[in-house]
Amino acid sequence: MATFPAFLFNTTKSKPLLQIAEKVHNNEMISDEECLLLFKEGSLGFVGSLANYIRENKYGDKTYFNRNFHIEPTNVCVFSCSFCSYSRLYAKREEGWELSVDEMVDIVKSYDGKPVTEVHIVGGVHPKMNLDYFIELIQKIHTHRPNLHIKAFTAVELDYMFRKAKVTREKGMQILKDAGLQSLPGGGAEIFHPDIRKQIAGDKVDAEGWLAIHEIAHRLGVHSNATMLYGHIEKFEHRVDHMRRLRDLQNKTNGFNTFIPLKFRNKNNDMSHVPESTLIEDLRMYAIARIYLHNFQHIKAYWPMLGRHNAQMTLSFGVDDLDGTIDDSTRIYTMAGSEEQNPTLSTTELVQLIRQAHRIPVERDTLYNEIKVYSLEEVIAD
Ligand code: V47
Ligand code: SF4
């Protein structure tokens, strides 16, 4: 049991903030209004102390990571999200790539004998890569390495795939599950509120569609993650609205594994004029997510986009999980201006990063079953 930061009761002057501290102390959920108040008035020290208490109460010093690798089938995309530095349908078509099923299976084969537990497959929405194409991909990967957990396709990709194939979302999801799909990643959520969504991602699946696809997946026993793209033109109200919708769905299904706040990066996209959030805002975002999303077991930081040293800091602000190991060759963030131009870390380096933050590294599988707890002295073989 972690010790509650009781000094907050003496040092906090604002009565509404005190009430929030009391709720956290009593393990009660906070309201939307209280969440908004945290965004508007909660200092980094205040929200950080509460979030760290919640995190340590749940896991102590344990910090999770998994050994995964990414496959990006294509960066060609029929949509045109204004924050995206990645899609190459209309502009710079010559920089587009399209992998064949066999090329992707070859990538999987290149990890034969390596101790990876998950493949994460996400890309642009290619007009010609259809449901049959992806069924074949999932089947071939699953046949080749049945123990490799396949986490694939955002709700945006799935919505397009199912509509094109003229199958219901239920049927489409069942077919992919039968082929070997086991989890959904959390991308494509961006900001749910229509006032913002129509400005930054107006032509792809809306909030209701994104949530419906995740609900269907959860009902079929396919767990998923949830993200939020923050720190651009949205207001704090939109962040609260976004997290409320996720919290409500989680109350219904309990199918989300983790929440991943994604910091907007402003290079090489149509929103380059929008300044990026500061580190203080980033840490407050993680902490407030940990406080508000009481029914989410995990809060994850994706270090390739935050930068490894900033990601280390989030471990004191509510985050219990660091993503991005082994050979994270995803290009979405390097293209969007992350300072991590070479987003790969060996397991040794990731374990060191966690230890430097005075936490205990724990390798997990996709569903957060613990594979290995690393002692402080142990030397790791990659
Ligand atoms: O939906 C795109 C984001 C997401 C930018 O589920 C950008 O385990 C910042 O969802 N600045 C895709 N973000 C990546 C994603 C993800 C990543 C890691 C782990 C998991 C998981 C999911 O990337 C998109 C969008 O929100 N994104 N462009 C940008 N300029
Ligand atoms: Fe396409 Fe995804 Fe980029 Fe939007 S964020 S343009 S859906 S690749």
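The values are calculated or read from the model by the stated rules, or taken from the named source; none is laboratory data. Owing to the predicted nature of the structure, the values given are computational and were not obtained by experimental measurement. Using ideal geometry, Cβ is built from the backbone for each residue, glycine included, and neighbour counts are taken over all protein chains shown. Accessible surface is based on the protein model in full, side chains and every heavy atom, while ligands, DNA and RNA are left aside. Shrake-Rupley method; radii C 1.70, N 1.55, O 1.52, S 1.80 Å.
Listed values, structure above:
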item: Residue pairs, from the table 15/40; 263/300; 23/58; 164/300; 177/263; 62/372, whose Cα atoms sit over 21 Å apart; result: 164/300; 177/263
item: Full-stretch length increase - residue 220, residue 349 - with 0.36 nm per residue and alpha-carbon distance subtracted; result: 42.8 nm
item: Percent carbon-and-sulfur accessible area, the chain, ignoring ligands, DNA and RNA, probe 1.4 Å; result: 52 percent
item: Nearest-0.05 FRET efficiency for residue 100 and residue 144, computed from C-beta distance (R0 22 Å); result: 0.90
item: Charged-residue dipole, Cβ positions (Lys, Arg, Asp, Glu), the chain about Cα centre, Debye nearest 20; result: 520 debye
item: Ellipticity estimate at 222 nm from DSSP helix runs (n ≥ 4, -39,500 (n - 2.57)) divided over the chain, nearest 500; result: -12500 deg cm²/dmol
item: Segment 1-55: GluC sites (Glu not before Pro) in DSSP loop, at most 12 other beta carbons within 10 Å; result: 28
item: Helix axis angle, 207-219 relative to the chain longest principal axis, alpha carbon, degrees; result: 80 degrees
item: Cut-off under 5 Å, modelled amide H: who pairs with residue 129 long-range; result: none
item: Positive-pole candidate from 324, 361, 158, dipole of the chain, charges at beta carbon; result: 158
item: Euclidean distance between Cα centres, segment 354-378 to segment 136-159, Å; result: 26 Å
item: Distance in nm between pseudo-label sites at residue 41 and residue 13 (7 Å out along the Cβ direction from Cα); result: 1.1 nm
item: Shape call, segment 1-82: gyration tensor on alpha carbons, a/c limit 1.5; result: oblate
item: Sites matching trypsin sites (Lys or Arg not before Pro) across segment 131-238 that sit in DSSP coil, with at most 11 neighbouring C-beta atoms within 10 Å; result: 166
item: Dipole magnitude (debye, nearest 20) for segment 191-314, charges at Cβ of Lys, Arg, Asp, Glu; result: 360 debye
item: Extension reserve of the residue 373-residue 168 stretch, reckoned as 0.36 nm per residue once the Cα distance is removed; result: 69.6 nm
item: Where a label projected 7 Å from the Cα of residue 268 along Cα→Cβ would reach, residues of segment 292-326 with amide N under 18 Å; result: 304-307
item: Cα long-axis angle, helix 32-41 against the chain (0 to 90 degrees, to the nearest 10); result: 70 degrees
item: Residue of 99, 353, 181 that the Gaussian network model of the chain assigns the largest fluctuation, springs spanning Cα pairs under 10 Å; result: 99
item: Candidates 254, 68, 268: whichever shows maximal mean-square fluctuation once the chain is modelled as a Gaussian network with Cα springs under 10 Å; result: 268
item: Cβ-Cβ FRET estimate between residue 110 and residue 178, R0 fixed at 22 Å, reported to 0.05; result: 0.25
item: Between segment 226-256 and segment 23-93, the Cα center-to-center distance that results, in Å; result: 9 Å
item: Solvent-accessible area per residue for the chain (1.4 angstrom probe, square angstrom); result: 40 Å²
item: Shape category assigned to the chain from the gyration tensor of Cα positions, a/c cut at 1.5; result: prolate
item: Charge dipole magnitude, Cβ of K and R +1, D and E -1 - segment 7-58, Cα centre, debye nearest 20; result: 160 debye
item: Low-density loop cleavage sites - GluC sites (Glu not before Pro) in segment 200-237, where at most 15 other Cβ are within 10 Å (DSSP); result: none
item: Beta bridges by DSSP in the chain, antiparallel share as percent, to the nearest 5; result: 10 percent
item: Angle in degrees between helix 155-165 and the longest Cα principal axis of the chain, rounded to the nearest 10; result: 30 degrees
item: Per-pair calculated FRET efficiency, R0 = 22 Å: residue 4 and residue 295 via Cβ, rounded to 0.05; result: 0.60
item: Along the chain, longest interval not containing exposed chymotrypsin sites (Phe, Trp or Tyr not before Pro), exposed being DSSP loop plus at most 15 other Cβ atoms within 10 Å; result: 98-382
